[in-house]
Structure formats: structure tokens, C-alpha cells
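Enquirer: What follows is a single structure, and I will ask about it in a moment.
The values are calculated or read from the model by the stated rules, or taken from the named source; none is laboratory data. It should be emphasised that the depicted structure is a prediction, and the values quoted were computed from it without experimental measurement. For neighbour counting, all protein chains shown are included, and Cβ atoms are generated from backbone atoms with ideal geometry for every residue, glycine included. Side chains included, ligands, DNA and RNA excluded: accessible areas come from the protein's heavy atoms. Shrake-Rupley method; radii C 1.70, N 1.55, O 1.52, S 1.80 Å.
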Amino acid sequence: MFGRRYELFKLFGIAIRVDLSWFVVLALITWSLANGWFPESHPGLEASTYLWMGLFGALGLFVSVVLHELAHALVARRYGLAINGITLFIFGGVAEMRDEPPSPKVEFRVAIVGPIASILIGAVCFLAAGLGVLPAVAGPIVEYLATINLVLAAFNLLPAFPLDGGRVLRSVLWGWKGSLRRATRITSAIGAGFGTVLIVLGIVSLLWGQQLIGGLWWVLIGMFLRQAAQASYQQLLLRHALEGEPVSRFMATHVVAVPRSLSVRELVEKYFLEHHHKMFPVVDDGRLVGCVTTQEIKPLARDEWERQSVGAVMQKCGRDNSIEPEADAMDALGRMSRTGTSRLMVVASDELVGIVSLKDLLEFFALKVELDEKGNW
Ligand SMILES: [Zn+2]
């Protein structure tokens, strides 16, 4: 979901990161505050003052979003859920949780606390602005933050999964009907439907309301929501099918390995082109020493193929290309998606025992989903 991310700082041990796309939003919000919101609500100031107000308003929004996500993350951690950190990106923020909440009650609390945090921040800002104790230009900024936090809370409370309101609804349905899968299917269908509504509204305001940026924005958020709603349902099915299944169950034990001394030319001709795999384990005297993928061959010029040996270009064994036989199949999938590889070596005490491939994992998944269709979980 994310491109390049930068860690800004840690809060309560939770990493706060920004995706590159977030800087675009920062600039857009600063610009629209400096040219629209502030001049309209507080006319008569200088253009440079509006620009500063816009920048501080946008940074205030950033702090607000971080606090909202932090509320989710801290409550989740209190219930023992693993947190990967908070990432801010083009559509706001996400507290990345590695696990699904274990019960409807936990899901409800983790979900509701974000909007509650936003409502509290909004209320505090309203009070501060209302009391009139703030210095001149800070007043309008705090007023803006009061409004935007309440808008944030309201938007997030829409019952469209994976928005917070959708999670709240899912927890209620889950508690009521006892089936996480059905609760997720219903709420993610609502989420996808809501995404479609946003796309249509965006197009309408784009064509008839002449709202270029606003309209485009709704279309993009709508597309994102649709995609996120469908992906979370898929993710849930995937997790249910693969979690708790050891890698050894899926691995192929007949493995074609290549000797370390082989030339790159022979590797390409006799292995890559013959077997159609993108990765081969490399062995030396029957001992596993690494692996070689098409990635290592790409940068080599043709005339180097004869001179270079597999041993000189291979990758060493590590977490990115190998996994233990007793590891969870979900872990294997996570590793594959993180590194973009489709095959992992299965290694037990430095010995190659098999290969697990994305294709085998997905085939098992498809089968299990078919069999589960009528299951009740
Ligand atoms: Zn939230």
C-alpha cells in the first residue's frame, strides 16, 4: 500500500512514519488554507501571514491525525495486539496492526477510541478559541483545528469498513451473529458501496460543480475505500486459511539446486529457461550456501555471463529468501510480499529441506475458501 516511508520519531515506543505521498497533501492543505479558508474567514491580512497560517494549520492537522491514530494504537497494544507503527499517507493515517482483534469487545474499543480522541481534540480547540486567550493569528488556526477534528471524527464514524465506524459496526455484528467472516463481508460491502457513492459524488461535483481538486479528491478517496474494503475481506479470508498452517505442509521437497561453480550462462540456459523458476538454491558439496534469482543476473552484461560464476553473484541465505519449516504460512506470504519474491527456501539447521512457492500457497487458499463458503466462523 505504501511507497517510500520515512520514520519521523517514536511516541510511546510507536514509530510514526510518513509516506512520500503525504508531503503532497501537506502542500495541498497549506495552499487551500492560505488561499481559501483563512482569507474567507478572516479577511484583511497579508498574503504571507495566510501562508504561515496555512502551514501551521496543516501541521496542526498532522498532529491531530497522529493523536487519532495513536489512540487506536495504544488501546490495541493494551489488548496485546502487535503494532507495526503509524503511517501517514495521502488519505490520512493508519495504525498498522499485525493481528485481527481477538474479540468483538476489543475490536469495538480499538475502533471507537480514534473518533473519541478527535472529538476531544476538537472540543479542546473550540474551548481555547472561544475563551479568546490565544494570540491574534493563532485564534483562526485553532478554530480551523476545532472544525477539522470534528469533521475527521464524523467522517471516520461512517459505518463503512475499513473506516472506524465500519469497524464499530463489524464488532457489533460479530458479537451479535458470532461470525467474523460474515460481519466483515457485510461491512466491507457497505464500505465498497460507500466508496462508489463518493466516486459518483466526486464526478458530479467535477462536472457540474466545477470543483476540480475537491471533485478529484472525492473520486480518489472513493477508489481507495473501495479497494481497501475489498482487500480487507480478502486479507481476512487469507489469514483464516493460512494462519496456523506450517510452511512444511506446502513445501515441495524435490528441489532443483545449482552448484556454486556453475557459470551464469549455464544457469540461464539450463535452469532459468528450462525450469521457469525465478529462484534457485545454490549448493556447494551438498551444503546450502545461498540462492540466485533473476534479479542478480539482470545487471550483468551478456559478455560477463561466461566469466561470472553463480557463487560470485548469489545472495546469502537470510530472512528475505528463506524460512523455517515450522513457520506459519502467513509469515511466508508476508515475506514474499515484502521482498517481491515468489519462492522461499525452507531451511532447517542450515540444511535445505524444500521450497515453498506463492503459487502453492494461493492454490491451497482458493481451495480452502471454496470449502469454507458455507462454514460458520
Ligand atoms: Zn481511526
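Enquirer: Rolling a 1.4 angstrom probe over the protein heavy atoms, how many square angstrom per residue are accessible across the chain? Don't skip to the end; give the middle numbers.
Expert: Details: 19910 Å² over 377 residues.
Accessible area per residue: 53 Å².
Enquirer: Using 14 Å as the cut-off for backbone N distance, which residues of the range 205-233 belong to the label zone defined by a point 7 Å from the Cα of Ala154 along Cα→Cβ?
Expert: So the set is empty, nothing qualifies.
Enquirer: For Arg182, what accessible surface area do you get with a 1.4 Å probe? Give it in Å², rounded to 10.
Expert: Answer for Arg182: close to 100 Å² accessible.
Enquirer: To the nearest 10 square angstrom, how much accessible area does Ser232 have with a 1.4 angstrom probe?
Expert: It works out to around 30 Å².
Enquirer: Here is a follow-up. Would you check the accessible area of Trp174, probe 1.4 Å, heavy atoms only, in square angstrom rounded to 10?
Expert: So the heavy atoms of Trp174 present about 30 Å² to solvent.
Enquirer: Could you sort Ile221, Ile116, Ile323 by their accessible area in this structure, using a 1.4 Å probe and putting the largest first?
Expert: So, going from the largest accessible area down, we get Ile116, Ile221, Ile323.
Enquirer: Something else: For Leu28, project a label point 7 Å along Cα to C-beta. Then give me every residue of the range 212-227 with its amide nitrogen under 11 Å of that point.
Expert: Once the point is set 7 Å along Cα→Cβ of Leu28, 213-222 turn out to lie under 11 Å by backbone N, inside the range 212-227.
Enquirer: Let me ask something additional. For the chain, list the DSSP H helices whose alpha carbon atoms reach 24 Å or more along the long axis and whose average Kyte-Doolittle value is 1.0 or above? Mind showing how you got there, number by number?
Expert: Values: long enough: 47-78 (46 Å, 1.10); 104-131 (40 Å, 1.65); 138-156 (27 Å, 1.28); 180-207 (40 Å, 1.39); 212-242 (44 Å, 0.78).
The answer, listed by residue number, is 47-78, 104-131, 138-156, 180-207.
Enquirer: If you don't mind, there's one more thing I want to ask. Using the Cβ atoms and a cut-off under 15 Å, what net charge is assigned to the surroundings of Phe108, where Lys and Arg are +1 and Asp and Glu are -1?
Expert: +3
Enquirer: Which trypsin sites (Lys or Arg not before Pro) in the range 48-104 pass both tests, a DSSP loop state and at most 15 other beta-carbon atoms within 10 Å? Mind showing how you got there, number by number?
Expert: Details: sites: Arg77, Arg78, Arg98; in loops: Arg98.
Those satisfying the criteria are Arg98.
Enquirer: Applying the Karplus parametrisation 6.51 cos²θ - 1.76 cosθ + 1.60 with θ = phi - 60° to the phi angles of the range 286-299, what ³J(HN,Hα) value in whole Hz is obtained for each residue in order, glycine and proline being reported as x?
Expert: Working through the residues one at a time gives x, 9, 6, 10, x, 8, 10, 10, 4, 4, 6, 7, 3, x Hz.
Enquirer: Moving on. Share of the range 182-242's accessible area from carbon and sulfur, percent, 1.4 Å? Kindly include the intermediate steps, with their values, before the conclusion.
Expert: Details: 2280 of 3180 Å².
The computed percentage sits at 72.
Enquirer: Ok, one more. Sum up the lysine pairs in the chain that clear both bars: alpha-carbon distance under 30 Å and a spacing of 8 or more or different chains.
Expert: Within the chain, the lysine pair count is 19.
Enquirer: Helix-only mean residue ellipticity at 222 nm, the chain, DSSP H runs n ≥ 4 weighted -39,500 (n - 2.57), per residue, nearest 500. What is it? Mind dumping the intermediate values first?
Expert: Values: 12 runs with 202 residues, N = 377.
Counting only the DSSP helices, I get -18000 deg cm²/dmol.
Enquirer: In whole percent, what relative contact order does the range 247-369 give with Cα contacts below 8 Å and a gap of six or more residues? Write down the numbers at each step before the final one.
Expert: On the way: 183 pairs, mean separation 37.2, N = 123.
Relative contact order comes out at 30 percent.
Enquirer: Let me ask another. Counting alpha carbon pairs within less than 8 Å and at least 6 residues apart, what relative contact order, in whole percent, applies to the range 5-157?
Expert: Values: 215 pairs, mean separation 34.3, N = 153.
RCO, the range 5-157: 22 percent.
Enquirer: On the protein heavy atoms, probe 1.4 angstrom, tell me the percent of accessible surface of the range 1-73 carried by carbon and sulfur.
Expert: Values: 2710 of 4000 Å².
Within the range 1-73, the accessible surface is 68 percent carbon and sulfur.
Enquirer: While we're on this one: Check Val289: other-chain or 5+ apart residues with amide H under 5 Å from its amide H, H built from backbone geometry?
Expert: Val282, Val283, Asp284
Enquirer: Take the Cα atoms of the chain, find their three principal axes, and give me the spread along each one in whole Å, biggest first.
Expert: 80, 54, 45
Enquirer: Moving to a separate point now. State, in angstrom, two size descriptors of the range 5-157 derived from its alpha carbons: Rg to one decimal place and Dmax to the nearest whole number.
Expert: Expressed in Å, the Cα Rg and Dmax of the range 5-157 come to 16.7, 55.
Enquirer: With the full set of protein chains in place, find how many percent of the accessible area of the range 247-369 is carbon and sulfur; take the probe as 1.4 Å. Intermediate results must be reported in sequence, preceding the final value.
Expert: Details: 3380 of 6840 Å².
After summing per-atom areas, the C and S share lands at 49 percent.
Enquirer: Now a separate question. If Rh is defined by the Kirkwood formula over all Cα pairs and Rg also comes from Cα, what ratio Rg/Rh do you get for the range 271-377?
Expert: Numbers: Rg = 16.5 Å, Rh = 15.5 Å.
In the range 271-377, Rg relative to Rh is 1.07.
Enquirer: So, counting K/R as plus one and D/E as minus one, what does the shell of residues with Cβ under 15 Å around Met251 add up to? Working shown, then result.
Expert: Details: positive: Arg249, Arg335, Arg343, Lys359; negative: Glu245, Glu324, Glu326, Asp328, Asp331, Glu351, Asp360, Glu363.
That sum, taken over residues with Cβ under 15 Å, equals -4.
Enquirer: Follow-up question, since we're still on this one. Relative contact order (percent) for the range 1-75, with alpha-carbon contacts under 8 angstrom and 6 or more residues of separation?
Expert: Once normalised by length, the contact order is 23 percent.
Enquirer: Taking H as built 1.01 Å from N, whose amide H comes closer than 5 Å to the amide H of Ala160, not counting residues under 5 places away?
Expert: Gly165, Gly166
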